[in-house]
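Reading through the C-alpha coordinates given below for one structure.
The values are calculated or read from the model by the stated rules, or taken from the named source; none is laboratory data. Keep in mind that what you see is a predicted model, and the values were worked out from it rather than measured. For neighbour counting, all protein chains shown are included, and Cβ atoms are generated from backbone atoms with ideal geometry for every residue, glycine included. All accessible areas refer to the heavy atoms of the entire protein, side chains included, with ligands and DNA or RNA removed. Shrake-Rupley method; radii C 1.70, N 1.55, O 1.52, S 1.80 Å.
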Amino acid sequence: MTMIPPGLLPEGLSDRLPPQAEASARLARRVLDTVATHGYERVMPPLAEFEDTLTQRLKSMRAQDLVRAVDPVSQRSLAFRPDMTAQVGRIAATRLRAAPRPLRLSYAGPVIRQKASQLRPEREKMQLGAELIGSDSVAAAVEIVNVAIEALQAAGVTGITIDFTLPDLVDMLAAGPLPLADKQVEAVRTELDAKDAGALAALGPAAAAYLPLIQATGPFHAAMEQLEAFSASIDGVIDSRIAGLRAIARPIGWDITLTLDPTERHGFEFQNWFGFSIFAEGFVGEIGRGGSYAIARADGADEPAMGFSLYPDPLIDAGFGGESPRRLFVPLGADADRAAELRAQGWHTVAALSAGEDGAAQRCSHWLDGAEPRAY
(Lines give C-alpha, C1' and ligand atoms only; values in the text may rest on other atoms or scores of the structure.)
Protein backbone atom coordinates (compact mmCIF):
# COMPACT_ATOMS: atom_id res chain seq x y z
CA MET A 1 0.00 0.00 0.00
CA THR A 2 1.44 3.35 -1.07
CA MET A 3 2.04 5.75 1.79
CA ILE A 4 0.60 9.22 1.27
CA PRO A 5 3.08 11.91 2.30
CA PRO A 6 1.93 13.86 5.39
CA GLY A 7 0.11 17.03 4.43
CA LEU A 8 -0.54 16.00 0.82
CA LEU A 9 -3.88 17.30 -0.46
CA PRO A 10 -5.98 16.09 -3.41
CA GLU A 11 -5.18 17.66 -6.77
CA GLY A 12 -6.78 21.06 -7.19
CA LEU A 13 -7.21 21.66 -3.43
CA SER A 14 -4.93 23.82 -1.31
CA ASP A 15 -4.54 25.49 2.07
CA ARG A 16 -4.58 29.24 2.57
CA LEU A 17 -2.04 30.22 5.21
CA PRO A 18 -1.41 33.48 7.06
CA PRO A 19 -1.55 36.18 5.88
CA GLN A 20 -3.46 35.10 2.73
CA ALA A 21 -6.29 33.50 4.70
CA GLU A 22 -6.90 36.78 6.49
CA ALA A 23 -6.67 38.63 3.17
CA SER A 24 -9.36 36.34 1.78
CA ALA A 25 -11.66 37.02 4.75
CA ARG A 26 -10.98 40.76 4.53
CA LEU A 27 -11.79 40.91 0.81
CA ALA A 28 -14.97 38.88 1.33
CA ARG A 29 -16.06 41.22 4.12
CA ARG A 30 -15.58 44.26 1.91
CA VAL A 31 -17.63 42.76 -0.89
CA LEU A 32 -20.42 41.58 1.42
CA ASP A 33 -20.46 44.83 3.39
CA THR A 34 -20.81 46.74 0.13
CA VAL A 35 -23.73 44.70 -1.18
CA ALA A 36 -25.34 44.87 2.28
CA THR A 37 -25.51 48.66 1.98
CA HIS A 38 -27.81 48.10 -1.01
CA GLY A 39 -30.21 45.94 1.03
CA TYR A 40 -28.85 42.46 0.25
CA GLU A 41 -29.20 40.12 3.23
CA ARG A 42 -26.86 37.18 3.86
CA VAL A 43 -27.86 33.54 3.48
CA MET A 44 -25.66 30.51 4.24
CA PRO A 45 -26.67 27.36 2.36
CA PRO A 46 -25.07 24.00 3.25
CA LEU A 47 -21.92 22.68 1.62
CA ALA A 48 -23.71 19.58 0.29
CA GLU A 49 -27.25 18.67 -0.75
CA PHE A 50 -29.04 15.60 -2.05
CA GLU A 51 -27.74 15.05 -5.55
CA ASP A 52 -31.10 14.81 -7.26
CA THR A 53 -32.43 18.09 -5.84
CA LEU A 54 -29.18 19.94 -6.58
CA THR A 55 -28.88 18.77 -10.18
CA GLN A 56 -32.46 19.81 -10.91
CA ARG A 57 -31.35 23.41 -10.48
CA LEU A 58 -27.91 23.20 -12.12
CA LYS A 59 -28.68 23.63 -15.79
CA SER A 60 -25.03 24.38 -16.54
CA MET A 61 -23.56 21.24 -14.93
CA ARG A 62 -23.99 17.50 -15.35
CA ALA A 63 -24.26 15.06 -12.48
CA GLN A 64 -20.98 13.42 -13.49
CA ASP A 65 -19.20 16.75 -13.00
CA LEU A 66 -20.08 16.84 -9.29
CA VAL A 67 -18.09 15.64 -6.30
CA ARG A 68 -20.42 13.12 -4.69
CA ALA A 69 -20.66 10.95 -1.59
CA VAL A 70 -23.21 8.69 0.09
CA ASP A 71 -24.95 10.17 3.13
CA PRO A 72 -24.47 7.62 5.95
CA VAL A 73 -27.74 8.74 7.57
CA SER A 74 -30.18 8.64 4.65
CA GLN A 75 -28.12 6.39 2.35
CA ARG A 76 -28.93 8.84 -0.44
CA SER A 77 -26.36 10.31 -2.79
CA LEU A 78 -25.06 13.73 -1.79
CA ALA A 79 -23.36 16.28 -4.03
CA PHE A 80 -21.04 19.03 -2.92
CA ARG A 81 -22.08 22.35 -4.35
CA PRO A 82 -20.23 23.48 -7.50
CA ASP A 83 -22.10 26.79 -7.47
CA MET A 84 -24.07 28.69 -4.81
CA THR A 85 -26.49 30.51 -7.13
CA ALA A 86 -28.66 27.41 -7.52
CA GLN A 87 -28.80 27.01 -3.74
CA VAL A 88 -29.92 30.61 -3.27
CA GLY A 89 -32.63 29.96 -5.87
CA ARG A 90 -33.79 26.93 -3.88
CA ILE A 91 -33.94 28.99 -0.68
CA ALA A 92 -35.95 31.71 -2.43
CA ALA A 93 -38.36 29.20 -3.94
CA THR A 94 -38.93 27.24 -0.73
CA ARG A 95 -37.92 28.70 2.63
CA LEU A 96 -38.45 32.31 1.51
CA ARG A 97 -41.26 31.76 -1.01
CA ALA A 98 -43.61 34.00 1.01
CA ALA A 99 -41.07 36.81 1.51
CA PRO A 100 -41.90 40.10 -0.23
CA ARG A 101 -40.41 40.60 -3.69
CA PRO A 102 -38.04 41.79 -4.93
CA LEU A 103 -35.94 39.69 -2.57
CA ARG A 104 -32.28 40.66 -2.20
CA LEU A 105 -29.88 37.98 -0.93
CA SER A 106 -26.08 37.71 -0.70
CA TYR A 107 -23.77 34.80 0.00
CA ALA A 108 -20.15 33.68 0.31
CA GLY A 109 -18.49 30.31 0.62
CA PRO A 110 -16.37 27.64 -1.03
CA VAL A 111 -17.54 25.62 -4.03
CA ILE A 112 -15.92 22.50 -5.43
CA ARG A 113 -15.96 20.76 -8.78
CA GLN A 114 -14.79 17.32 -9.84
CA LYS A 115 -12.67 18.70 -12.68
CA ALA A 116 -10.85 22.00 -13.16
CA SER A 117 -10.15 23.89 -16.37
CA GLN A 118 -6.71 24.31 -17.90
CA LEU A 119 -6.95 28.04 -17.28
CA ARG A 120 -7.85 27.59 -13.60
CA PRO A 121 -6.47 24.32 -12.15
CA GLU A 122 -8.13 24.87 -8.75
CA ARG A 123 -11.11 22.62 -8.11
CA GLU A 124 -12.13 24.50 -4.97
CA LYS A 125 -12.96 28.19 -5.25
CA MET A 126 -14.38 30.96 -3.14
CA GLN A 127 -17.65 32.33 -4.52
CA LEU A 128 -19.22 35.63 -3.45
CA GLY A 129 -22.36 37.10 -4.89
CA ALA A 130 -25.75 38.73 -4.73
CA GLU A 131 -29.13 37.77 -6.19
CA LEU A 132 -32.16 39.98 -6.81
CA ILE A 133 -35.17 37.67 -7.00
CA GLY A 134 -38.55 38.64 -8.37
CA SER A 135 -37.44 40.80 -11.30
CA ASP A 136 -35.28 40.50 -14.41
CA SER A 137 -36.10 44.00 -15.63
CA VAL A 138 -33.66 46.55 -17.01
CA ALA A 139 -33.84 48.38 -13.67
CA ALA A 140 -32.80 45.15 -11.89
CA ALA A 141 -29.92 44.71 -14.34
CA VAL A 142 -28.77 48.28 -13.76
CA GLU A 143 -28.70 47.66 -10.01
CA ILE A 144 -26.90 44.29 -10.21
CA VAL A 145 -24.17 45.47 -12.59
CA ASN A 146 -23.46 48.60 -10.59
CA VAL A 147 -23.47 46.80 -7.23
CA ALA A 148 -20.95 44.30 -8.64
CA ILE A 149 -18.70 47.13 -9.83
CA GLU A 150 -18.99 48.96 -6.51
CA ALA A 151 -18.16 45.79 -4.58
CA LEU A 152 -15.02 45.18 -6.62
CA GLN A 153 -13.93 48.79 -6.27
CA ALA A 154 -14.41 48.53 -2.49
CA ALA A 155 -12.04 45.55 -2.62
CA GLY A 156 -9.46 47.73 -4.36
CA VAL A 157 -9.87 46.35 -7.89
CA THR A 158 -9.14 48.75 -10.76
CA GLY A 159 -9.01 48.41 -14.53
CA ILE A 160 -12.42 46.72 -14.59
CA THR A 161 -13.99 45.61 -17.90
CA ILE A 162 -17.64 44.57 -18.24
CA ASP A 163 -18.43 42.41 -21.28
CA PHE A 164 -22.15 42.28 -22.08
CA THR A 165 -23.88 39.40 -23.83
CA LEU A 166 -27.38 38.31 -24.87
CA PRO A 167 -27.21 34.58 -24.04
CA ASP A 168 -30.42 33.41 -25.70
CA LEU A 169 -30.17 35.67 -28.76
CA VAL A 170 -29.37 32.90 -31.25
CA ASP A 171 -32.21 30.72 -29.95
CA MET A 172 -34.64 33.63 -30.20
CA LEU A 173 -33.59 34.52 -33.75
CA ALA A 174 -33.52 30.88 -34.90
CA ALA A 175 -37.09 30.41 -33.70
CA GLY A 176 -38.30 33.60 -35.38
CA PRO A 177 -36.91 36.06 -37.91
CA LEU A 178 -33.81 34.05 -38.92
CA PRO A 179 -35.02 30.44 -38.84
CA LEU A 180 -32.57 27.58 -38.53
CA ALA A 181 -33.10 23.85 -38.57
CA ASP A 182 -32.49 22.25 -35.18
CA LYS A 183 -29.28 20.60 -36.40
CA GLN A 184 -27.97 23.96 -37.65
CA VAL A 185 -28.36 25.87 -34.40
CA GLU A 186 -25.40 24.29 -32.61
CA ALA A 187 -23.20 24.65 -35.71
CA VAL A 188 -24.04 28.34 -35.95
CA ARG A 189 -23.31 28.82 -32.25
CA THR A 190 -19.94 27.10 -32.65
CA GLU A 191 -18.81 29.34 -35.50
CA LEU A 192 -20.09 32.46 -33.73
CA ASP A 193 -18.06 31.41 -30.68
CA ALA A 194 -14.98 31.06 -32.88
CA LYS A 195 -15.77 34.32 -34.70
CA ASP A 196 -15.12 32.39 -37.93
CA ALA A 197 -17.00 34.30 -40.62
CA GLY A 198 -15.84 31.99 -43.42
CA ALA A 199 -16.98 28.84 -41.66
CA LEU A 200 -20.29 30.46 -40.74
CA ALA A 201 -20.96 31.50 -44.35
CA ALA A 202 -20.06 27.98 -45.51
CA LEU A 203 -22.96 26.58 -43.49
CA GLY A 204 -25.39 28.07 -46.01
CA PRO A 205 -27.54 31.17 -46.56
CA ALA A 206 -29.59 30.71 -43.38
CA ALA A 207 -26.44 30.61 -41.26
CA ALA A 208 -24.81 33.46 -43.20
CA ALA A 209 -27.62 35.74 -42.01
CA TYR A 210 -25.92 35.65 -38.60
CA LEU A 211 -22.65 37.13 -39.90
CA PRO A 212 -23.44 40.68 -38.65
CA LEU A 213 -23.33 39.36 -35.08
CA ILE A 214 -19.58 38.74 -35.47
CA GLN A 215 -19.11 42.37 -36.50
CA ALA A 216 -21.18 43.46 -33.47
CA THR A 217 -18.39 42.35 -31.14
CA GLY A 218 -15.80 44.55 -29.42
CA PRO A 219 -15.78 47.99 -27.77
CA PHE A 220 -19.31 48.68 -26.59
CA HIS A 221 -20.40 51.77 -28.51
CA ALA A 222 -19.02 50.69 -31.90
CA ALA A 223 -20.41 47.18 -31.44
CA MET A 224 -23.81 48.57 -30.47
CA GLU A 225 -23.98 50.55 -33.71
CA GLN A 226 -23.41 47.32 -35.63
CA LEU A 227 -26.06 45.56 -33.54
CA GLU A 228 -28.54 48.40 -34.18
CA ALA A 229 -27.93 48.14 -37.93
CA PHE A 230 -28.48 44.37 -37.74
CA SER A 231 -31.74 44.87 -35.83
CA ALA A 232 -32.95 47.36 -38.43
CA SER A 233 -32.36 44.73 -41.15
CA ILE A 234 -34.72 42.32 -39.39
CA ASP A 235 -37.51 44.84 -38.72
CA GLY A 236 -36.25 45.94 -35.29
CA VAL A 237 -36.85 42.56 -33.67
CA ILE A 238 -34.17 43.11 -31.02
CA ASP A 239 -34.65 46.87 -30.56
CA SER A 240 -35.99 46.36 -27.03
CA ARG A 241 -32.88 44.40 -26.05
CA ILE A 242 -30.63 47.06 -27.53
CA ALA A 243 -32.50 49.73 -25.57
CA GLY A 244 -32.03 47.62 -22.45
CA LEU A 245 -28.27 47.32 -23.01
CA ARG A 246 -27.94 51.07 -23.49
CA ALA A 247 -29.91 51.74 -20.31
CA ILE A 248 -27.71 49.33 -18.35
CA ALA A 249 -24.51 50.91 -19.69
CA ARG A 250 -25.61 54.52 -19.19
CA PRO A 251 -24.93 54.95 -15.43
CA ILE A 252 -21.62 53.04 -15.46
CA GLY A 253 -18.63 55.26 -14.70
CA TRP A 254 -16.23 56.40 -17.39
CA ASP A 255 -13.39 54.50 -15.71
CA ILE A 256 -15.04 51.14 -16.50
CA THR A 257 -14.33 49.62 -19.93
CA LEU A 258 -17.41 48.24 -21.67
CA THR A 259 -17.42 45.63 -24.42
CA LEU A 260 -20.08 43.58 -26.19
CA ASP A 261 -20.17 40.00 -27.45
CA PRO A 262 -23.87 39.43 -28.17
CA THR A 263 -23.59 35.67 -28.74
CA GLU A 264 -21.22 34.65 -25.92
CA ARG A 265 -22.77 31.69 -24.12
CA HIS A 266 -20.03 29.82 -22.23
CA GLY A 267 -20.79 30.12 -18.54
CA PHE A 268 -24.24 31.54 -19.32
CA GLU A 269 -26.11 28.27 -19.79
CA PHE A 270 -28.85 29.22 -17.32
CA GLN A 271 -29.06 32.92 -18.15
CA ASN A 272 -31.73 34.17 -20.54
CA TRP A 273 -31.98 37.66 -22.04
CA PHE A 274 -28.96 39.35 -20.42
CA GLY A 275 -25.54 38.39 -19.14
CA PHE A 276 -22.20 39.99 -18.32
CA SER A 277 -18.65 38.91 -17.56
CA ILE A 278 -16.24 40.84 -15.34
CA PHE A 279 -12.55 41.17 -16.10
CA ALA A 280 -9.79 43.15 -14.40
CA GLU A 281 -6.53 44.47 -15.74
CA GLY A 282 -3.63 42.11 -15.11
CA PHE A 283 -5.76 38.97 -14.70
CA VAL A 284 -6.24 36.18 -17.22
CA GLY A 285 -9.87 35.14 -17.59
CA GLU A 286 -12.96 36.46 -15.90
CA ILE A 287 -13.22 37.14 -12.19
CA GLY A 288 -17.01 37.15 -12.15
CA ARG A 289 -20.18 36.94 -14.17
CA GLY A 290 -23.88 37.58 -13.83
CA GLY A 291 -27.15 38.14 -15.59
CA SER A 292 -30.84 37.29 -15.72
CA TYR A 293 -32.30 33.85 -15.18
CA ALA A 294 -35.41 32.03 -13.94
CA ILE A 295 -35.95 30.08 -10.71
CA ALA A 296 -38.22 27.03 -10.84
CA ARG A 297 -40.86 27.19 -8.12
CA ALA A 298 -42.59 24.24 -6.52
CA ASP A 299 -45.83 25.02 -8.40
CA GLY A 300 -44.06 24.65 -11.74
CA ALA A 301 -43.95 28.36 -12.53
CA ASP A 302 -40.74 30.28 -13.16
CA GLU A 303 -39.72 33.30 -11.12
CA PRO A 304 -37.47 35.93 -12.74
CA ALA A 305 -34.18 36.80 -11.09
CA MET A 306 -30.97 38.74 -11.65
CA GLY A 307 -27.60 38.29 -9.96
CA PHE A 308 -23.82 38.13 -10.06
CA SER A 309 -21.06 35.91 -8.71
CA LEU A 310 -17.44 36.84 -8.07
CA TYR A 311 -14.53 34.40 -7.85
CA PRO A 312 -11.89 36.37 -5.93
CA ASP A 313 -9.11 33.77 -5.52
CA PRO A 314 -6.93 35.30 -8.28
CA LEU A 315 -7.33 38.69 -6.60
CA ILE A 316 -6.20 37.26 -3.27
CA ASP A 317 -3.22 35.54 -4.89
CA ALA A 318 -2.27 38.92 -6.37
CA GLY A 319 -2.30 40.59 -2.94
CA PHE A 320 -5.72 42.24 -2.82
CA GLY A 321 -7.04 42.47 0.72
CA GLY A 322 -3.54 41.74 1.98
CA GLU A 323 -2.63 44.92 3.83
CA SER A 324 -1.01 43.87 7.07
CA PRO A 325 -2.70 44.84 10.35
CA ARG A 326 -0.65 46.57 13.02
CA ARG A 327 0.66 43.73 15.20
CA LEU A 328 1.81 44.64 18.71
CA PHE A 329 3.86 42.34 20.92
CA VAL A 330 2.78 42.49 24.57
CA PRO A 331 5.60 41.33 26.91
CA LEU A 332 5.01 39.46 30.14
CA GLY A 333 3.77 41.77 32.90
CA ALA A 334 2.58 44.50 30.50
CA ASP A 335 -0.55 46.53 31.28
CA ALA A 336 -3.48 44.37 30.11
CA ASP A 337 -5.90 47.33 30.20
CA ARG A 338 -3.62 49.36 27.96
CA ALA A 339 -3.37 46.43 25.54
CA ALA A 340 -7.18 46.29 25.43
CA GLU A 341 -7.33 50.02 24.65
CA LEU A 342 -4.91 49.54 21.77
CA ARG A 343 -6.95 46.63 20.39
CA ALA A 344 -9.98 48.93 20.38
CA GLN A 345 -7.89 51.34 18.29
CA GLY A 346 -7.21 48.67 15.67
CA TRP A 347 -4.02 47.03 16.89
CA HIS A 348 -3.67 43.23 16.84
CA THR A 349 -1.90 42.20 20.03
CA VAL A 350 0.23 39.09 20.51
CA ALA A 351 0.75 38.34 24.20
CA ALA A 352 3.93 36.68 25.43
CA LEU A 353 3.36 33.34 27.13
CA SER A 354 6.89 32.99 28.52
CA ALA A 355 9.99 35.08 29.08
CA GLY A 356 12.39 35.60 26.22
CA GLU A 357 9.85 35.44 23.35
CA ASP A 358 10.74 37.40 20.23
CA GLY A 359 7.89 39.63 19.06
CA ALA A 360 9.52 40.27 15.69
CA ALA A 361 9.52 36.52 15.05
CA GLN A 362 5.75 36.66 15.66
CA ARG A 363 5.54 39.14 12.77
CA CYS A 364 4.91 42.06 15.12
CA SER A 365 5.98 45.48 13.92
CA HIS A 366 5.84 47.04 17.43
CA TRP A 367 6.12 46.07 21.09
CA LEU A 368 4.37 47.58 24.10
CA ASP A 369 6.89 49.63 26.07
CA GLY A 370 5.03 50.73 29.20
CA ALA A 371 1.98 52.49 27.79
CA GLU A 372 3.25 53.18 24.27
CA PRO A 373 3.90 51.02 21.18
CA ARG A 374 7.51 51.10 20.03
CA ALA A 375 8.71 50.03 16.59
CA TYR A 376 11.18 47.19 16.37
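Under the rule a/c < 1.5 gives rounded, and otherwise a/b versus b/c splits prolate from oblate, where does segment 77-187 land using the Cα gyration tensor? Rounded shape, in that the Cα axes give a/c under 1.5.
Per-atom-type breakdown for segment 1-134 gives carbon and sulfur 56% of the accessible area (1.4 Å probe, protein chains only).
Of the heavy-atom accessible surface of segment 137-269 (probe 1.4 angstrom), what whole percent is carbon and sulfur?
Its accessible area is 56 percent carbon and sulfur atoms.
Of the peptides 339-347, 186-194, the ranking by mean beta-carbon count within 10 Å, highest at the top, reads 186-194, 339-347.
Classify segment 271-364 from the C-alpha gyration tensor, please: rounded if a/c falls under 1.5, else prolate or oblate depending on whether a/b exceeds b/c.
Cα axes put segment 271-364 in the prolate bin.
Listed by chain and number, the aspartates and glutamates placed with their C-alpha closer than 20 angstrom to that of LYS115 are GLU11, ASP15, GLU49, GLU51, ASP52, ASP65, ASP83, GLU124, GLU269, GLU286, ASP313; residues fewer than eight positions away on the same chain are left out.
Enter the angle in degrees (range 0 to 90, nearest 10) between the Cα long axis of helix 20-36 and the first principal axis of the Cα atoms of the chain, meaning the one along which they spread out most. Once rounded, the angle reads 60 degrees.
Of all DSSP-defined beta bridges confined to the chain, some 80% are antiparallel rather than parallel.
GNM on the chain, C-alpha springs below 10 Å: top fluctuator among LEU13, LEU258, LEU332? Maximum among the listed residues: LEU332.
Here the Karplus relation 6.51 cos²θ - 1.76 cosθ + 1.60, evaluated at θ = phi - 60°, turns the backbone of segment 307-314 into coupling constants of x, 8, 10, 10, 10, x, 3, x Hz, with x for every Gly and Pro.
Computed on segment 164-239, with alpha-carbon pairs under 8 angstrom and 6+ residues apart, the relative contact order is 19 percent. Of MET3, PHE320, GLY285, whose Cα points farthest to the positive end of the dipole of the chain (charges on the beta-carbon: +1 Lys, Arg; -1 Asp, Glu; origin at the Cα centre)? Value computed over the given set: MET3. Across segment 273-280, rounded Karplus estimates of 3J(HN,Hα) from the backbone phi angles (6.51 cos²θ - 1.76 cosθ + 1.60, θ = phi - 60°) give 6, 9, x, 8, 10, 10, 10, 9 Hz, Gly and Pro being marked x.
Contact order, relative form, for the chain: 18 percent (alpha carbon pairs under 8 Å, 6 or more residues apart, mean separation divided by residue count). Across segment 242-348, C-alpha contacts under 8 Å between residues 6 or more apart give a mean separation that, scaled by the residue count, equals a relative contact order of 14 percent. Against the main long axis of the alpha-carbon atoms of the chain, helix 182-194 sits at an angle near 50°.
Counting only Cβ charges, +1 for Lys and Arg and -1 for Asp and Glu, the dipole size of the chain around its Cα centre is about 700 debye.
Would you mind working out the accessible area per residue for segment 107-220, using a 1.4 Å probe, and quoting it in Å²?
Numbers: 4620 Å² over 114 residues.
Each residue of segment 107-220 exposes 41 Å² on average to a 1.4 Å probe.
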